[in-house]
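Structure first, then comments.
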Amino acid sequence: MLNDSALEDGFEISPRFRQTLEDRVTRLERDADYDEAQISRLENRDHIRRQMRLVAVQRAEALRMRLFLDRAKTRLPRPLIAL
């Protein structure tokens, strides 16, 4: 877990890592939508409960990653010519 001083100082991530996380967030949200739509097809209460828990965990993870990305700065790419 990040402490308060680390959040205040900020941190940088590479453009490639940012893109990877953004893609993961998109997949999590898409999967959560799909899994939530499947709940209406389930009959067993335990299956419904587990499916709802799965959706909640997917959405929570997507939110956690979005908050991380909001706090992170994207590092500028290295120059192609040495200065």
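Every read-out reported here was derived from the displayed coordinates using simple, explicitly stated rules and does not represent laboratory data. Please read these numbers as outputs of a predicted model, since none were measured by experiment.
Quick look at the numbers
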item: Interchain or long-range residues, amide H under 5 Å from Ser14's placed H; result: Arg75
item: Reciprocal mean inverse distance between Cα atoms of the range 35-83 - Kirkwood radius, Å; result: 14.0 Å
